[in-house]
Amino acid sequence: MISTNSNPSSTTTSNIGVNYSVSARWNGGYNGAITITNQSATAVDAWTVVVASDDLTIANAWGMSATELEDGLVALNGADWGRTLGPWQSVTVGFTGRGTPPETLDIVSPDAGTVDDPLAASPFDAGDYGTALDLSMDFYYAQYSGDLPDDHPVSWRGDSALNDGADVGRDLSGGWYDAGDHVKFGLPMAFSATTLAWGAIDYGDGYKASGSFDDVEKHISWVTDYLMRAYDDKGTADLSDDVFYAQVGDGRLDHAYWGSAEDMTMARPSYAVTAQNPGTEVTAESAAALAAGAILLGQSGQHERADAMIASAEQLFAFSEAYQGSYNDSVPGITQFYKSWSGFADELAWAATWLYQATGDQLYLDKAQDYYQASGTYWSFGWDDKSMGTAVRLAEFTGDASYITDLRAHLGNWTSGLHHLEGTDTNDGLAWLDGWGSNRYAANTSFIALQFADVLDEMDEGVEADAARNFAADQIDYLLGDNPDAFSFVVGFGEDSPENPHHRGASGTTHVGSAGPNEHTLYGALVGGPDRDGSYEDVRTDYIANEVAVDYNAAFSGALAGLISQLETDAIL
């Protein structure tokens, strides 16, 4: 049932959502507005909504037609520009009515099909997702730099890069190596930390069910320790002398070396951003990582540490706002590896959402909304563009319809606008965005879809939420082996998975082209993935298809935890 008050509610039956309100009134008549939303991943060629109202008399309509049926029923049919709806799209149609507007309209039947129960067709269960999540945590251990803990679980890794930062007189050891190389790139590292923490905060039940919660806490602790050391605020409130070390290692020198991190001998210069040479993308993202990390660690009782992290995050965010400029212009050579294409407004908005959650300060929520731009609607959430992650968080915090609209457009593009690889009887195929990290983009969008589904649940849009979860499950399942080749793209998961990820340490060799499989197993690494034709070869020298990186696994881990949480909830219900 929907009403005509100033805050009209919506009703959802099947995969069509209907929202009704009165847009104008006069003596003897009124204008009504009806927003029809396709709450599924399937396009609707034509929709019909049957309503029951004894006092509904429609004089004329636009974007739809109205046909009176018996027993006080009226059939509303999409027409002209209001006829078709893409996945998750909405259209607002209208009519002129005679007399007094009805207070309510009862929706009898939207005739547009149904959405299957989420996860029902998946060949994987919570235990399978838990195994994959546990492996994903193993991958992060393999990326640790610095003086490793005594209980470090990866036997073929040892202490490395202990003198990082010596060139600038600061301890910059620790953190994560970026990919199969040994550079510590600040922007993707901080993004990975924020996103990994986000998954653990919102889907902690999934982590705990898989036995991986202690691992993700260790990873966030390890990387935020490094980010705290990378920020030198000189011990003062003055922002003008602040220094943030955005990178350690020269990408060109590093990529000319094939060998283990423990055996490196090349120079590892440290690159800073300052008030004179700002790098807003990396400083704002690092503020986000510290705030998100503080929330996670604070939930586990580490309150003193969390407070220190929030204080640093607030000052680093203030520095990011005060001295704005792209790190493309300040970090030598970064455009060859991690050029910021989206600018830095998305990092400022994203970081503000995390500071709002960490502090409860309304100022940060206002800033997030001011900085927000829907720049990634037709791309993907990722290390460069965080806008869709910000959109789902702002939708959660504010309930503003504009963010919902952006997210629907985003998922609509992913479900019907992009090319999809061939699927299976239980999988609609991988949504393919780009050749470099095709798996990564699908995993990232799956995580956003699960987060959006949670928001939709709060809006009582359960059918649309189920459709979003179905999409997410299909993408993750494809990566785990529900694909025509029955091949898992996660090292060590399933009967057939990559043996030759492009990773210097795991290869155990001193030349990328050495014969034979990798000497060590890089458990849990999500490899780059297939090309647009679905082709993939497990060859170490193919650094596109077999690249691994900390950002590849971040949202992937969160999506796995989200799916486990959903299955656990369904089992209880």
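The figures follow:
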item: Å² per residue, accessible surface of region 421-496 at 1.4 Å; result: 30 Å²
item: Normalised contact order of region 457-573, rounded percent, pairs of Cα under 8 Å and 6 or more residues apart; result: 20 percent
item: Heavy-atom SASA rank of Trp432, Trp379, Trp341, Trp198 (probe 1.4 Å, accessible area, largest first); result: Trp341, Trp379, Trp432, Trp198
item: By accessible area with a 1.4 Å probe, ligands and nucleic acids excluded, highest first: order of Ile34, Ile544; result: Ile544, Ile34
item: For region 133-210, accessible area per residue (1.4 Å probe, heavy atoms of protein chains only), Å²; result: 29 Å²
item: Phi to ³J(HN,Hα) by Karplus 6.51 cos²θ - 1.76 cosθ + 1.60 over region 19-30, Hz, x for Gly, Pro; result: 10, 10, 8, 9, 9, 7, 9, 7, 5, x, x, 6
item: Two-decimal Rg to Rh for region 532-573 - Kirkwood Rh, Cα set; result: 1.23
item: All-pairs Cα distance distribution in region 49-170, expressed in whole percent, bin size 10 Å; result: 10, 22, 14, 10, 10, 12, 12, 9, 0
item: Taking all pairs of distinct alpha-carbon atoms in region 123-171, Kirkwood radius in angstrom; result: 13.1 Å
item: Tail beyond 35 Å, pair distance distribution of the chain (Cα, percent); result: 40 percent
item: Cα convex hull volume per residue for region 251-294 (Å³); result: 124 Å³
item: Equivalent-ellipsoid semi-axes of region 141-219, from the Cα gyration tensor, Å, largest first; result: 25, 16, 10
item: Size of region 174-254 as Cα extents on the principal axes (Å, biggest first); result: 45, 37, 16
item: The chain: relative contact order in percent, alpha carbon pairs under 8 Å with at least 6 residues between; result: 16 percent
item: Between helix 280-299 and the chain: long-axis angle, C-alpha atoms, 0 to 90°, nearest 10; result: 80 degrees
item: With every protein chain in place, the chain: carbon and sulfur % of accessible area (1.4 Å); result: 45 percent
item: Ranked order, Lys386, Lys367, Lys234 - accessible area, probe 1.4 Å, largest first; result: Lys234, Lys367, Lys386
item: Calculated over region 292-446: convex hull of Cα atoms, volume per residue (Å³); result: 143 Å³
item: Accessible solvent surface per residue of region 40-112, calculated while the other protein chains remain in place, 1.4 angstrom probe, Å²; result: 48 Å²
item: When the convex hull of its Cα atoms is projected in every direction, mean area for region 479-560 (nm²); result: 5.4 nm²
item: From phi via Karplus (6.51, -1.76, 1.60), per-residue ³J(HN,Hα) for region 459-474 in Hz, x at Gly/Pro; result: 8, 6, 9, x, 5, 5, 4, 4, 5, 5, 5, 4, 4, 4, 5, 4
item: All lysines inside 26 Å of Lys184 as judged from Cα atoms, apart from same-chain residues fewer than 8 positions distant; result: Lys218, Lys234, Lys339, Lys386
item: Hydrodynamic radius of region 375-530 per Kirkwood, over alpha carbon pairs, in Å; result: 16.8 Å
item: For region 331-417, alpha-carbon Rg over 2.2 N^0.38 Å; result: 1.14
item: Helix 550-572 axis, angle to the chain major axis (alpha carbon atoms, nearest 10°); result: 50 degrees
item: In Hz, Karplus ³J(HN,Hα) per residue of region 200-216 (6.51, -1.76, 1.60; θ = phi - 60°; x = Gly, Pro); result: 6, 5, 7, 10, x, 4, x, 5, 5, 4, 8, x, 10, 5, 4, 5, 5
item: Solvent-free Debye scattering, log10 I(q)/I(0), computed from the Cα coordinates of region 298-349 at q = 0.20, 0.23 Å⁻¹; result: -0.80, -0.88
item: Residues Lys234 and Gln362, FRET efficiency given R0 of 51 Å [Cβ-Cβ distance, rounded to 0.05]; result: 0.95
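The values are calculated or read from the model by the stated rules, or taken from the named source; none is laboratory data. Given the structure is predicted, the values throughout are model-derived calculations rather than measurements. Reconstructed Cβ throughout: ideal geometry from the backbone, glycine too, with neighbour counts over all protein chains shown. The area values use the complete protein model at the heavy-atom level, side chains included, leaving out ligands, DNA and RNA. Shrake-Rupley method; radii C 1.70, N 1.55, O 1.52, S 1.80 Å.
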